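What follows draws every value from the coordinates through simple rules; no lab data is involved. Keep in mind the model is a prediction, meaning the values are calculated, not measured. Neighbour counts run over all protein chains shown; Cβ positions are idealised from the backbone, glycine included.
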Amino acid sequence: MSGRGDSEISETGEDRTGTPEDVDDFEEVDDPAYVARRARWTAAATGALLALAGLAAAALRGARSAPALVPAAYAFGAGVCLLAAFLGSRGRTRRALWLLVVGVMVMAFGDQFD
């Protein structure tokens, strides 16, 4: 017997017993609506961030003496990522994930022509 009873002591010495307030927080994480909302926000934010990065790369590559295919590939990949952000915000997170992968792959392949 360790003598701790029902409570659990962490390495820092604080008591980690569950209180009713803590249980409510854990139940919210298991809530399917919460998980779906978090997935939508993640897909939308990631798509928007990748679209902005692709547009910035297209602008930078377009300003230099790069082949025209390189900024076009970045712009097209950014458009695909923007479409993924839109679909992710509408709840189509699986399709958004695959479109994000395709958009980043288009940008990466376009960069190989430089």
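As a rough guide to protection, the peptides 37-50, 58-71, 79-92 ranked by mean Cβ packing within 10 Å, highest first, stand as 79-92, 37-50, 58-71. With both labels modelled 7 Å from their Cα along Cα-to-Cβ, the residue 38 to residue 98 distance reads 2.5 nm. Remark: segment 20-111 projects, on average over all directions, an area of 6.5 nm² (convex hull of Cα atoms).
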